[in-house]
Amino acid sequence: MKYIASFAVAACLATTASAQDWKFGDGAAPERWSLQNSNYALCDAGLNQSPIDLGAPNAVADIELETSYGETEAKLSLGNQKIQLDFPAGMGMVSGGLDFSLLQVHFHTPSEHAINGERFPLVGHFVHATEDGKLGVLGIMFKEGEANTGLATIIDALDSGSGAEVNLDIETMIPDNLSVYRYMGSLTTPPCSEGVNWHVSKDIVTASADQIAALSKILGSSARSIQPLGNRLLVAPAE
Ligand SMILES: [Zn+2]
């Protein structure tokens with residue numbers, strides 16, 4: 001990621017097809033990415049990995065999450081099992097006293113996190129970082145239903161390819177009531193770096209069957225297997 005060069009975040013899916021030396025599995029069996037490249041040791045040895053099943057929280061609290069999203073000119077970036085939109089500076093979220101700037105959103109089919117064993121057909125990961133490089137992700141899961149206008153804009157731009165400018169209203173992809181699960185986890189793709197401030201919305205938004213199919217055609221099976229919660233704190237929203 002260009003704005004923080006020192007940061008091996010390359011990440012939640014930012015590798016290019018030619019450089020990529022790992023691949024998604026079926027989302028169920030362990031991927032064993034450490035066997036592909038020793039730089040990915042943390043993927044198999046880490047105790048704070050993502051995604052997890054959110055269905056067994058060990059704390060309940062309404063996490064205060066303040067977001068400032070709106071309409072913006074995003075830049076489309078397509079790759080091997082990758083649909084990503086990079087955002088200019090100016091939007092973000094404040095959580096746990098940390099001020100996160102929104103960098104990009106990318107998608108996975110199906111959702112990576114599960115709730116009581118259930119994965120949803122699509123998830124958007126809104127990736128943020130603080131000025132000193134702490135990562136914060138907001139996950140918004142989609143179920144089949146009414147079409148989503150933000151996704152419609154993105155899907156319309158797919159034919160234009162990488163580099164296309166997309167005028168996107170991010171709010172259209174965010175639920176009205178943003179109650180979140182909160183825990184500390186990792187990037188879900190190599191190098192699986194930990195210290196990621198995960199937020200996953202409890203409310204699920206909708207996308208049409210056609211929209212899910214259009215994204216899934218490019219993304220394929222792109223969810224990492226569920227990782228153990230271990231000794232971590234997992235906070236679920238009260239409401
Ligand atoms: Zn992701």
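The values are calculated or read from the model by the stated rules, or taken from the named source; none is laboratory data. All of these numbers come straight from a predicted model, not from anything done at the bench. We place every Cβ from the backbone using ideal geometry, glycine too, and count neighbours over all the protein chains shown. Accessible surface is based on the protein model in full, side chains and every heavy atom, while ligands, DNA and RNA are left aside. Shrake-Rupley method; radii C 1.70, N 1.55, O 1.52, S 1.80 Å.
I need the full set of residues from segment 127-150 which are more than 16 Å from the ligand (Cβ to nearest atom) and either in contact with a strand residue (DSSP E or B) (Cβ under 8 Å, 6 or more places away or on another chain) or open to solvent by 80 Å² or more (accessible area, probe 1.4 Å) (or both), in order please. Before the answer, list the steps.
Of the residues in segment 127-150, the ones more than 16 Å from the ligand (Cβ to nearest atom) are 130-134, 143-150.
Thr130, Glu131, Asp132, Lys134, Lys143, Glu144, Gly145, Glu146, Ala147, Asn148, Thr149, Gly150, listed by residue number.
List the number of the failed condition for Leu168; all other conditions in (1) surrounded by 22 or more Cβ atoms within 10 Å (Cβ to Cβ); (2) within 15 Å of the ligand (Cβ to nearest atom) hold.
(2)
Give all pairs with beta carbons closer than 6 Å in which a residue from segment 105-120 that is without any contact (Cβ under 8 Å) to a residue 24 or more places away in the chain and more than 17 Å from Met173 (Cα to Cα) meets a residue that is open to solvent by 10 Å² or more (accessible area, probe 1.4 Å) and within 13 Å of the ligand (Cβ to nearest atom); count only pairs at least 6 apart in sequence or on separate chains.
Between residues of segment 105-120 that are without any contact (Cβ under 8 Å) to a residue 24 or more places away in the chain and more than 17 Å from Met173 (Cα to Cα) and residues that are open to solvent by 10 Å² or more (accessible area, probe 1.4 Å) and within 13 Å of the ligand (Cβ to nearest atom), there is no close pair.
Only one of (1) free of Cβ contacts under 8 Å to residues at least 40 places away in the same chain; (2) more than 27 Å from Lys23 (Cβ to Cβ); (3) within 16 Å of the ligand (Cβ to nearest atom) fails for Phe100. Which number is that?
(1)
Residue check: is Ser221 open to solvent by 30 Å² or more (accessible area, probe 1.4 Å), touching a residue at least 24 places away in the same chain (Cβ under 8 Å) and part of a helix (DSSP H, G or I)? Spell out the reasoning first.
Values: open to solvent by 30 Å² or more (accessible area, probe 1.4 Å): yes; touching a residue at least 24 places away in the same chain (Cβ under 8 Å): yes; part of a helix (DSSP H, G or I): no.
Answer is no for this residue.
In segment 175-206, how many are among the polar types (S, T, N, Q) and modelled with pLDDT under 95? Talk me through it step by step, then tell me what you get.
Here is the first cut: in segment 175-206, the ones among the polar types (S, T, N, Q) are 177, 179, 186, 188-189, 193, 197, 201, 206.
Now narrow it down to the ones that are modelled with pLDDT under 95: 177.
Looking only at that region, the number is 1.
Can you name every residue in segment 24-82 that is part of a loop (DSSP other than H, G, I, E, B) and aliphatic (A, V, I, L, M)?
Taking segment 24-82 and keeping what is part of a loop (DSSP other than H, G, I, E, B), we get 24-32, 36-37, 46-52, 54-58, 61-64, 69-70, 80-81.
Listed by number, the residues that qualify are Ala28, Ala29, Leu47, Ile52, Leu54, Ala56, Ala61, Ile63.
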